[in-house]
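The values are calculated or read from the model by the stated rules, or taken from the named source; none is laboratory data. Owing to the predicted nature of the structure, the values given are computational and were not obtained by experimental measurement. Cβ: placed from backbone, ideal geometry, glycine included. Neighbour counts: every protein chain shown.
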Amino acid sequence: MSLVLTFLGYGISLLLVAAVSLYAYFLYSYTYWSKKGVPYLEPKFPYGNCISMFAKAKGYPVGILDSCYTKMREKGWKIGGFFTIARPTLLILDPEYVRDVLVKDFSYFVDRGFYYTKHDQVTENLFVMDETNWKNMRTKLTPTFTTGKMKMMFPLITHACGQMTNFIGQLAEKKQDVDIRECLAMFTTDVIVSCAFGLDSNCFTDKESKFRNIGKSYFSFKDVLLAAKVSMMTYAPELALKLGVPSLKKEQRQFFIDIIGSTVDYRRKNNVRREDFLQLMINLLDQPKDAPNHVTFDQLIAQVSIFFVAGFETSSSTMTFALYELAKHPEYQDRLRDEITSVLSDKKELTYESINEMKYLQQVIDETLRLYPVVSNLQRKCVKDYTFKNTNIVVEKGVTCVIPIFNIQRDPELFKDPLTFDPERFSPENKNTIVPYSNLPFGEGPRNCIGLRFGYMQSKIGIIETIRKFKLTISPSTKMPIQIDPGFFILQPIETLYLQAEPI
């Protein structure tokens with residue numbers, strides 16, 4: 001018995017020592033910004049300035065940054081320090097400094113600072129790659145997003161859109177509401193699966209579509225283990241790397257490996273070629289190993305996987321909020337429909353050229369992305385010591401800088417009536433008055449979103465065909481005003497957003 005008590009005493013002592021050491025480490029970490037002479041928000045143990053990581057935040061999913069941004073703005077700061085747990089992080093509030101980080105002094109902030117390891121087939125992708133690998137891969141992939149390649153994928157998108165409008169038409173015929181977010185997510189999943197894998201996901205006919213279920217599981221923050229894992233990969237990537245934390249669940253990773261591997265094998269054995277993203281990657285895979293454009297099979301899997309993950313939820317989110325605002329503002333909806341009718345007056349079908357003639361449509365999408373940016377912030381990791389101009393603020397190598405685009409794009413000092421949806425902000429007469437680098441839905445600079453053109457094309461086609469064929473109104477079943485769900489990485493409404501569609 002005494003031996004048990006002795007070991008128990010040792011155990012308790014070790015736990016106390018560990019707890020005290022951890023507490024001391026946190027307190028020491030919290031002195032970082034004061035030692036650097038950088039204005040900062042006072043942290044609290046153990047969450048720093050990020051209490052919303054531990055308790056479900058009310059309101060927008062930018063709870064971590066929202067409070068920091070508001071407090072720093074009130075103090076008149078252009079740059080300010082805060083702590084994500086015990087990690088010193090710099091918040092960039094001023095658009096001029098945003099420009100410096102993303103464009104002017106990009107060489108100091110090349111990395112995004114996210115979790116990345118070559119040992120994980122799925123993480124060796126363009127989005128998270130570090131400086132040494134990113135530039136080379138970006139060069140290889142850029143030709144896949146040219147105008148010519150967009151035109152090749154255009155018919156695949158319009159085909160999927162036809163299935164979506166048929167689905168909406170069936171609901172309208174039955175006088176049933178349209179769950180517009182889910183409807184658009186099924187559409188974009190069909191698009192991405194077709195363009196990336198050359199397959200049919202059949203989201204509108206198969207309620208158990210594997211691709212749709214994988215997509216849903218990837219973005220839900222309501223899975224506690226997933227939330228903890230992603231938080232570690234985002235805020236403590238070095239620790240995640242040491243612990244070997246996988247970026248995806250085992251079944252998610254294996255799904256991508258199996259589906260991509262089997263599709264590549266089938267095409268090679270049967271000499272099948274298709275005008276899609278996977279074929280473009282296979283062409284790079286088939287280059288000689290010493291060729292500058294060659295990619296490995298693991299790199300192919302990673303790029304195709306991220307094309308799926310980044311491609312469907314982002315565009316569906318944009319279209320969801322755009323159609324919601326158009327249903328809410330019938331005068332904007334009518335104006336857009338008139339433009340669509342005018343441009344297509346002598347054409348039976350959409351073309352790549354015709355969608356780019358629709359200037360008001362571009363205004364609607366741009367204003368949607370300002371008010372509802374797909375992601376709440378941009379992150380850059382300093383790769384060599386940097387001093388911000390006209391300040392004594394030195395950012396050391398390894399420190400993460402965060403640009404809170406959600407807050408910047410809703411800042412009343414930068415945008416008049418920022419919470420009002422107004423496509424006229426982006427009219428030819430007004431868009432030049434927007435403060436440079438205050439509207440960055442796709443990022444900016446060399447490391448902006450490579451799929452920007454594809455995202456615009458997909459969103460335009462979906463919006464055009466829906467508005468062209470249906471008059472949309474807000475269903476009484478939709479709870480107003482809408483709130484943003486803090487349980488998703490991509491901006492989404494917290495409640496189901498129902499619209500009513502009336503065939504035209």
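What the table below lists for this structure:
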{"item": "Long-range neighbours under 9 Å by Cβ, at least six apart or interchain, first residue touching a residue at least 12 places away in the same chain (Cβ under 8 Å) and closer than 22 Å to L27 by Cβ within the stretch 65-87, second among the acidic types (D, E) and assigned to a helix (DSSP H, G or I)", "result": "none"}
{"item": "Some residue of the stretch 343-362 being polar (S, T, N, Q), touching a Ser or Thr at 6+ places or on another chain (Cβ under 8 Å), in a helix (DSSP H, G or I) and in contact (Cβ under 8 Å) with a residue 40 or more places away in the chain", "result": "no"}
{"item": "Selected residue [outside any helix (DSSP H, G or I), more than 26 Å from the chain's Cα centre (by Cα) and free of Cβ contacts under 8 Å to residues at least 12 places away in the same chain] from N293, N390", "result": "N390"}
{"item": "Residue match in the stretch 174-184 (condition: crowded, with 20+ Cβ neighbours inside 10 Å and out of contact with any strand residue (DSSP E or B) (no Cβ under 8 Å at 6 or more places or on another chain))", "result": "yes"}
{"item": "Residue within the stretch 129-141 that is crowded, with 18+ Cβ neighbours inside 10 Å, at pLDDT below 95 and touching a Lys or Arg at 6+ places or on another chain (Cβ under 8 Å) present", "result": "yes"}
{"item": "Failed condition for G445, given (1) within 25 Å of the chain's Cα centre (by Cα); (2) of a type outside the set (A, V, I, L, M, F, W, C); (3) assigned to a helix (DSSP H, G or I)", "result": "(3)"}
{"item": "Verdict on K381 being more than 25 Å from E325 (Cα to Cα) and touching a residue at least 40 places away in the same chain (Cβ under 8 Å)", "result": "yes"}
{"item": "Selection status of R370, among the charged types (D, E, K, R), under 17 Å from K460 (Cα atoms), in contact (Cβ under 8 Å) with a residue 12 or more places away in the chain and not in a loop (DSSP other than H, G, I, E, B)", "result": "yes"}
{"item": "Subset of the stretch 423-462 [β-branched (V, I, T) and free of Cβ contacts under 8 Å to residues at least 40 places away in the same chain]", "result": "T433, I434"}
{"item": "Criterion: surrounded by 17 or more Cβ atoms within 10 Å (Cβ to Cβ), free of Cβ contacts under 8 Å to residues at least 24 places away in the same chain and either assigned to a strand (DSSP E or B) or of a type in the set (S, T, Y) (or both) - qualifying residue of T478, T420, T466", "result": "T478"}
{"item": "Hits in the stretch 260-277 - residues which are buried (at least 16 other Cβ atoms within 10 Å of the Cβ) and at pLDDT below 90", "result": "R274, D276, F277"}
{"item": "Within the stretch 97-147, considering residues that are of a type in the set (D, E, K, R), assigned to a loop (DSSP other than H, G, I, E, B) and touching a strand residue (DSSP E or B) at 6+ places or on another chain (Cβ under 7 Å), the one nearest to D258 (Cα to Cα)", "result": "D130"}
{"item": "Candidate set: the stretch 23-49, residues that are free of Cβ contacts under 8 Å to residues at least 24 places away in the same chain and assigned to a helix (DSSP H, G or I); chosen: the one surrounded by the fewest Cβ atoms within 10 Å (Cβ to Cβ)", "result": "K35"}
{"item": "The stretch 90-125, subset polar (S, T, N, Q) and modelled with pLDDT of 85 or more, residue surrounded by the most Cβ atoms within 10 Å (Cβ to Cβ)", "result": "N125"}
{"item": "Of all residues in the stretch 243-259 being surrounded by fewer than 13 Cβ atoms within 10 Å (Cβ to Cβ) and modelled with pLDDT under 75, the one that is farthest from the chain's Cα centre (by Cα)", "result": "L243"}
{"item": "Residue match in the stretch 352-370 (condition: at pLDDT below 90 and loosely packed, with under 14 Cβ neighbours inside 10 Å)", "result": "no"}
{"item": "Checking E313 against (1) within 25 Å of the chain's Cα centre (by Cα); (2) more than 25 Å from C203 (Cα to Cα), the condition it does not meet", "result": "(2)"}
{"item": "Test result for I408, of a type in the set (A, V, I, L, M, F, W, C) and either over 25 Å from Q333 (Cβ atoms) or surrounded by fewer than 20 Cβ atoms within 10 Å (Cβ to Cβ) (or both)", "result": "yes"}
{"item": "Filtered residue count, the stretch 70-88, keeping only those that are under 24 Å from Y372 (Cβ atoms) and either surrounded by 24 or more Cβ atoms within 10 Å (Cβ to Cβ) or of a type in the set (A, V, I, L, M, F, W, C) (or both)", "result": "1"}
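Yes/no per residue for (1) under 18 Å from Q483 (Cα atoms); (2) of a type in the set (G, A, S); (3) in contact with a Phe, Trp or Tyr (Cβ under 7 Å, 6 or more places away or on another chain):
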{"position": "T320", "(1), (2), (3)": "yes, no, no"}
{"position": "R337", "(1), (2), (3)": "no, no, no"}
{"position": "D346", "(1), (2), (3)": "no, no, no"}
{"position": "L350", "(1), (2), (3)": "no, no, no"}
{"position": "N377", "(1), (2), (3)": "no, no, yes"}
